[in-house]
Amino acid sequence: MEQRPNPEKLLQRVQAEERLERRGKLKIYLGAAPGVGKTYTMLQDALAKRALGLDVVIGVVESHSRAEIDLLIKDFEVLPRLTVDYHGHQLTEFDLDAALKRNPGLILIDEMAHTNVPGLRHEKRWQDIKEILDRGIDVYTTLNVQHIETLNDVVSQIIHTRIKETVPDSMLEMADTIEMVDLPPEDLLKRLQEGKVYFPEQAEMAAEHFFRKGNLIALRELALRATAERVGAQVFLYRQGEGIKHIWPTKDKILVCVGNRPDSVKLIRAAKRIATKLQADWLAVHVDTPQTSLAKEQSAYAMQNLRLAEKLGAETHVITGFDIVKEIIDFAREQNITLIMVWKHIRSRWKDFIFKSLADEITRYSGEIDVHIITSELEYEKPITVMPLEPKPLKKPIPWRIYSIATGIVVLMTLINTLLFPYVGLSNLIMMYLLGVTIVTLFGQMGPAVFASILSVLLYDLFFVPPYYSFVADDLSSYVTLFIMLLVSQVICLLSTRTRHQMETARRAQHYTAVLHTLSRQLASTRGSDKLLGIAVRYIGEIFDSQVLALTPENNHLIVRVAYGTEPVINTKELSVAQWVYDLGQIAGLGTDTLPFSDAVYVPLLASQGTIGVLRVRPSEFKRLFSPEQMHLLESCANQIGLALEVDRLQEQVKKSELQTETDRIRSALLQSVSHDLRTPLVAVMGAASTLMEIGSELDTQTIKKLSNDIYFELEQLSRLINNLLQMTYLEAESVKLQIEAHALKDVINFVIKTLSKKMGKRPIYVNLPANLPDVPFDNTLMQEVFINLIDNAIKFTPPDSPIDITVVVENQFVVVSVEDRGPGIVFDEVDKLFEKFYRGRLLTTERGLGLGLAICHNIIKAHGGEIWAENRAQGGAIFRFTLPLR
């Protein structure tokens, strides 16, 4: 039974395996630096897989002109790369859509941390890999240790350069296999000198900066540690899933047993020193038993000890149980602990004989786990408490009321047994007394329960065991019965008390979970820092019955943003406490060992980027200390609030970044288009007018007419440009009032075709209208603009002799108008962008135009209560459709 796996861990493992079955497998070839052989090893392994019949293709592999890699690439199918235009340069990138369409069994993608050219679906190559894995395709990829996100700062300190391209650690956690490709620094430097890593010019520069021997040694250590940590995590998950209890000493791991006395501080500091010397992880654990949970002062001191361990770098845990030794040993085996550190007090021999020693018991049951014992003389010190609230009574008040109820219940059971005595056996009478004892234990007090059990035995002996009305029994069996009755009643008391304690513990845990769930749900459905803080302070104020202030930085100083139950003001002294908490990211104030003079507790709002605010929580009862459980809950709530604020801040930054990017794009497009579209017609007009002025008398009539037509055409284009700008401004300002009247669509279409006849040239245009087409209500002037812009858009994207089709049909209560061309069609990622302002399609062949025509059409049709959209024509080309209501 002790080898039986934990059901919850087993369920988590099954769920994880189900997710892995749906997802492709990821193998990462990790190296300390370029040139260690990651790509070569990846290709060799893939070649072996291909020999076994697996469908293997190369998505992208960078050979850097290395002959051995180029030779291996020839043995694989290589997917064509996607060519992307970037600032006039033609760059090639990994084609994600082609890879998904090919759907191989395994795809090789080099340089996981690579940044894609702007304009592709994903910004980073690791995002491409993640999508491929989600589609069920296996991936082999390469990564250097300096690109791991959490190691970025460490690497920067080593090489004195910030690495911009990083991969989140979640991708490493997603990997099914991480293979360390290692090469000693001496061999790597030799490869660099031989030109097998970079070209000679690049190699010389790299040797002076990145490829220093010290850098390579440090990076190699980081890579080995990263691989070892990943393997250690896999070992831990395997032991949990298989229910393995015995220790696998693959890595030193220390467990410190934290108690509720001052000597635990010395133990914690000693553990920190040993962990530092061994370069080992260490944990601090405190076992909360029914006895310690009732002693609030001792429990508070234990929490302070745990907080000290956490400050020193330990991972802290609080375990609830009855047997301290069993809980510690079980936890140690679950966490694969190799060394347990415990405190032992030196006592006299007779005390050790009567009372168990925690250190001795842990040593007895530790098995293969080493135990480190620190000893001292036993001193009867009272645990130090922070700012006692009021003098505590010397003794806990006796619950006389419960004792009275217990006496009454036992007397009642005696009366009932007196009535039943002539008719039932003695065993049934004993059961009635046990029932009474069980009822008394429901009050949750051990003393009254023990009293009821002893009183039941005495009354049973007095009234129902011969000789009656005497505490002396006739035979030995009666004494045995009385002893067993007393023993059973005591066991019932003990088990009932334990069960009640477990219920209380479960109820508190469920309450804390519900509190956190409710808070996180409310925060998740809210946006805006002021609203988030408002919800947070109100919720915490109601839960903890406190006055709450939320402080956030502004111009490097904390200010009160939101208040609950009090005025949004704070004096200089309290503000200094809040500033200290904000600067150091540590809890302080009432009930802590830091700045305890305050009448409120200050909790930092921590996020991944640091502290982003401070909560000041002042209990309604003056200087009422929070219990350790409440402090843990308060810190958890603060962490939830900090994360919510950080998410909101990141979303705001993303929105501002997107807005700035879009503004810059629109400004650039506007300036470029306006300058070109203004300049071109003006230059043409000035040239034609100059010709007429200088040699007009020498020109024939035909030439003069042509120059005049050119002047008129260019001025018409300029007028069109200005009209579009003004039209868009009016439509967005909603200052245009629609003059809606019933008109014939046929007349509007014929007028537009006549207006654009010169621009269309010899291009054929076909109009298909139903014979019984009714008049449609619309603004005639604006509807002409719609047709002009749609036909003008078709002219720009199609050859001069390509026809245009205009079709009108009636569907239900709407008229559907289609304008079709036979051009190159619409690029799939432009369908949702065509109707944006200043957006000009990538396939546009002319430099003229602001990209406002389709946006104007969209606003006009929307104003009429219709819809407009674009799609590709089945036979090639694009179709623009819009609807108009008949009423």
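Residues in the stretch 840-855 that are surrounded by 16 or more Cβ atoms within 10 Å (Cβ to Cβ) and either at pLDDT 80 or above or in a loop (DSSP other than H, G, I, E, B) (or both): 840, 841, 849, 850, 851, 852, 854, 855. Checking each residue of the stretch 320-343 against the condition of being under 15 Å from residue 285 (Cα atoms), modelled with pLDDT under 80, in contact with a Pro (Cβ under 6 Å, 6 or more places away or on another chain) and not acidic (Asp, Glu) gives no match.
So that you can scan it fast, the table gives a plain yes or no per residue for (1) at pLDDT 70 or above; (2) open to solvent by 20 Å² or more (accessible area, probe 1.4 Å):
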residue: 828; (1), (2): no, yes
residue: 832; (1), (2): no, yes
residue: 838; (1), (2): no, yes
residue: 857; (1), (2): yes, no
residue: 861; (1), (2): yes, no
residue: 867; (1), (2): yes, yes
residue: 872; (1), (2): yes, yes
residue: 880; (1), (2): yes, no
residue: 885; (1), (2): yes, yes
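Taken over the stretch 141-161, residues that are touching a helix residue (DSSP H, G or I) at 6+ places or on another chain (Cβ under 6 Å), farther than 15 Å from residue 124 by Cα and not hydrophobic (A, V, I, L, M, F, W, C) amount to 2. Evaluated against (1) open to solvent by 90 Å² or more (accessible area, probe 1.4 Å); (2) modelled with pLDDT of 70 or more, residue 765 falls short on exactly one condition, (1). Restrict the check to the stretch 579-590 and report whether at least one residue is within 32 Å of the chain's Cα centre (by Cα), crowded, with 19+ Cβ neighbours inside 10 Å and within 21 Å of residue 555 (Cα to Cα). Checked against the condition, which is being within 32 Å of the chain's Cα centre (by Cα), crowded, with 19+ Cβ neighbours inside 10 Å and within 21 Å of residue 555 (Cα to Cα), the stretch 579-590 yields at least one hit. Being surrounded by fewer than 20 Cβ atoms within 10 Å (Cβ to Cβ), touching a Cys at 6+ places or on another chain (Cβ under 9 Å) and closer than 27 Å to residue 503 by Cα: is that true of residue 446 here? Yes, satisfied. Within the stretch 32-54, residues that are under 22 Å from residue 159 (Cβ atoms) reach partners that are of a type outside the set (A, V, I, L, M, F, W, C) and part of a helix (DSSP H, G or I) with beta carbons closer than 7 Å, at six or more positions or on different chains, in the pairs 32/220; 35/191.
Here residue 571 clears all of (1) under 28 Å from the mean Cα position of the chain (by Cα); (2) surrounded by fewer than 16 Cβ atoms within 10 Å (Cβ to Cβ) except the condition numbered (1).
Looking only at residues of the stretch 584-625 that are touching a helix residue (DSSP H, G or I) at 6+ places or on another chain (Cβ under 6 Å) and hydroxyl-bearing (Ser, Thr, Tyr), we find that the one that is nearest to residue 640 (Cα to Cα) is 611.
Each row is one residue, and each column tells you yes or no for (1) modelled with pLDDT of 80 or more; (2) out of contact with any strand residue (DSSP E or B) (no Cβ under 9 Å at 6 or more places or on another chain); (3) on the phi > 0 side of the Ramachandran plot.
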| position | (1), (2), (3) |
| --- | --- |
| 227 | no, no, no |
| 234 | no, yes, no |
| 269 | yes, yes, no |
| 305 | yes, no, no |
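With (1) more than 34 Å from the chain's Cα centre (by Cα); (2) exposed (fewer than 13 other Cβ atoms within 10 Å of the Cβ); (3) not hydroxyl-bearing (Ser, Thr, Tyr) as the list, and residue 55 as the residue in question, which single condition is left unmet? Among (1) more than 34 Å from the chain's Cα centre (by Cα); (2) exposed (fewer than 13 other Cβ atoms within 10 Å of the Cβ); (3) not hydroxyl-bearing (Ser, Thr, Tyr), the lone unmet condition for residue 55 is (2).
The values are calculated or read from the model by the stated rules, or taken from the named source; none is laboratory data. The shown structure was predicted, so the numbers you read here are calculated from the model rather than taken from an experiment. Methodologically, a virtual Cβ is constructed for each residue, glycine included, from the backbone with ideal geometry; neighbour enumeration extends over all protein chains shown. These area figures cover heavy atoms from the full protein model, side chains too; ligands, DNA and RNA do not enter into them. Shrake-Rupley method; radii C 1.70, N 1.55, O 1.52, S 1.80 Å.
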